[in-house]
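Peer 1: Structure incoming, see below.
What follows is calculated from the coordinates using simple rules that are stated; it is not laboratory data. Note that the structure is predicted; figures quoted are calculated from it, not measured. Positions of Cβ are backbone-derived with ideal geometry, glycine not excepted, and every protein chain shown enters the neighbour counts.
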Amino acid sequence: MKLKRLLLLLVIVLIPLSCVSLPAPPAATFTAAPAATVPLELCWVETGGTSVWGALGAAGVVDASTWEVTTSALLVRHPKGDLLIDTGISVAAATEVRELGAWRSFVFSQTAGRNDQRGTLKAKLEQLGATNPLAIIVSHAHADHLGGVSQVPGVPVWFARKELAFVEAELKSGRGVVMPAQARAVEKRAVALEFESGPYLNYPASHDVFGDGSVVIVPTPGHTPGSVATFVNQPGLRLVHTGDLINLAESIERAVPKSWLMRAFTDEDTKATDLEVARLVQLHQLEPGLTILPAHDRRAWEAVFGNTPVGAAPPCVKREAR
């Protein structure tokens, strides 16, 4: 209890001072993305969530009084097969956390461990008839993104090469950022992504999953060494799933990073993360029509999928090419 009170005091004192200026974005040549022509269906698969103080979500004076947290997977249905971006929180998180040390267990209990279960990944994929995706794209290997991986056995799990090395090192060291049970679950089916497709928008490298511009992955290192963002280009809707680069979409409008507390507790490299946030702010200014989808901002997901009550069937959006 004393530790919790101390942390609360730190929040009260330091959050008003946490408005960190972003660095200048990296120099980059901007190339416009081709028009989206492939008919995709996107589905929101929510596995957990909670509601916390809005000031925890972003630096400075936050517009939202509460941060409505979602922990979700994004299902992308392409004519060539389904992709799953992240897998949500584990149904066995309370057991898996026992392998972590005392400090990391505490950090988990105050962050991802605060999620209330909102259905299982397996059951929701069954509802959608999507139990055998081509692959899982992991934005990064934290427990609220990799947690559901054991519910889709046999499916290749794609990591940026640096993230895969991070997971392997974590499993050996037992440092506790990656859940050992989840690292073991992907050990034999992990695939290292290569960013061989060249520059994309204002990013220096990319991986075009289907070769048609509909799903493009870019490296965004910092939150973890191999964090990635995924662009999904559907006729009439272009979005980027940013993982935990930011926590609230308003960070981009206000050009600020995450709150001091979330940066301190969850970012492996805050300077690198801030640089990637600056790049995303730059992109938003160049392409204001692009929808920013932070992994944990429920209001941002509702802006795409509509007002969706907790526990509802997974909502989907589909637009055909004109």
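Peer 1: Amide H neighbours of ARG189 under 5 Å, counting only residues 5+ apart in sequence or on other chains, H built in-plane at 1.01 Å?
Peer 2: Excluding prolines and chain starts, which carry no amide H, there are no hits.
Peer 1: If you take every DSSP beta bridge fully contained in the chain, what fraction is antiparallel? Give it as a percent rounded to 5.
Peer 2: Working: 38 of 50 bridges.
Counting only bridges with both partners in the chain, antiparallel ones make up about 75 percent.
Peer 1: Oh, and also: Taking the dipole about the Cα centre of the chain, with the C-beta of Lys and Arg at +1 and of Asp and Glu at -1, give me whichever of GLY60, GLN110, ALA141 is farthest to the positive side.
Peer 2: GLN110
Peer 1: With +1 on each Lys and Arg Cβ and -1 on each Asp and Glu Cβ, how big is the dipole of the chain about its Cα centre, in debye rounded to the nearest 20? Walk me through the numbers on the way to the answer.
Peer 2: On the way: 29 positive and 31 negative charges, 122 e Å.
Charge dipole, the chain, about its Cα centre: 580 debye, nearest 20.
Peer 1: Out of PRO235, VAL97, PRO156, whose Cα points farthest toward the positive end of the dipole of the chain (charges: +1 Lys, Arg; -1 Asp, Glu; placed on Cβ)?
Peer 2: Of the candidates, VAL97 comes out farthest on the positive side.
Peer 1: Now a separate question. Highest mean first, how do 190-197, 211-218 rank when packing is the count of other Cβ atoms within 10 Å averaged over residues?
Peer 2: So the peptides 190-197, 211-218, ranked by packing, come out 211-218, 190-197.
Peer 1: Along the stretch 250-263, what does the Karplus equation 6.51 cos²θ - 1.76 cosθ + 1.60 (θ = phi - 60°) give for ³J(HN,Hα), rounded to whole Hz, x for Gly and Pro?
Peer 2: Those phi angles translate into 5, 4, 6, 5, 8, 6, 9, x, 5, 5, 3, 5, 5, 5 Hz.
Peer 1: Next up: Ranked by Cβ crowding within 10 angstrom, fewest neighbours first, how are SER72, SER51 ordered?
Peer 2: Working: SER72 31, SER51 12.
Lowest count first: SER51, SER72.
Peer 1: For Cα pairs less than 8 Å apart in space and 6+ apart in sequence, what is the mean separation divided by the residue count of the chain, i.e. the relative contact order in percent?
Peer 2: Values: 692 pairs, mean separation 77.2, N = 322.
Relative contact order, the chain: 24 percent.
Peer 1: Please work out the C-alpha center-to-center distance from the stretch 17-78 to the stretch 189-266 and express it in whole Å.
Peer 2: Cα centroid to Cα centroid, the span is 9 Å.
Peer 1: Okay, next question. Could you give the size of the charge dipole of the stretch 192-320 about its Cα centre, using +1 on the Cβ of each K and R and -1 on the Cβ of each D and E, expressed in debye and rounded to the nearest 20? Walk me through the intermediate numbers first.
Peer 2: Details: 10 positive and 16 negative charges, 81 e Å.
That gives the stretch 192-320 a dipole magnitude of about 380 debye.
Peer 1: Say we join alpha carbon atoms closer than 10 Å with springs in a Gaussian network model of the chain; which of HIS296, HIS78, HIS223 then has the biggest fluctuation?
Peer 2: Highest fluctuation of the listed residues: HIS78.
Peer 1: Amide H neighbours of ALA58 under 5 Å, counting only residues 5+ apart in sequence or on other chains, H built in-plane at 1.01 Å?
Peer 2: Counting only residues 5 or more places away or on other chains, the set is SER259.
Peer 1: PHE210's amide H: which non-local residues (gap 5+, or another chain) put their own amide H closer than 5 Å, with H modeled 1.01 Å from N in plane and none for Pro or chain starts?
Peer 2: Result for PHE210 returns VAL215.
Peer 1: Can you put MET262, MET179 in order, fewest other beta carbons within 10 Å first? Don't jump to the answer; show the numbers that get you there.
Peer 2: On the way: MET262 22, MET179 27.
So the ranking, lowest neighbour count to highest, is MET262, MET179.
Peer 1: Would you mind ranking TRP44, TRP103 by Cβ crowding within 10 Å, fewest neighbours first? Please report the intermediate quantities before stating the final value.
Peer 2: Values: TRP44 23, TRP103 10.
With the sparsest Cβ surroundings first, the list reads TRP103, TRP44.
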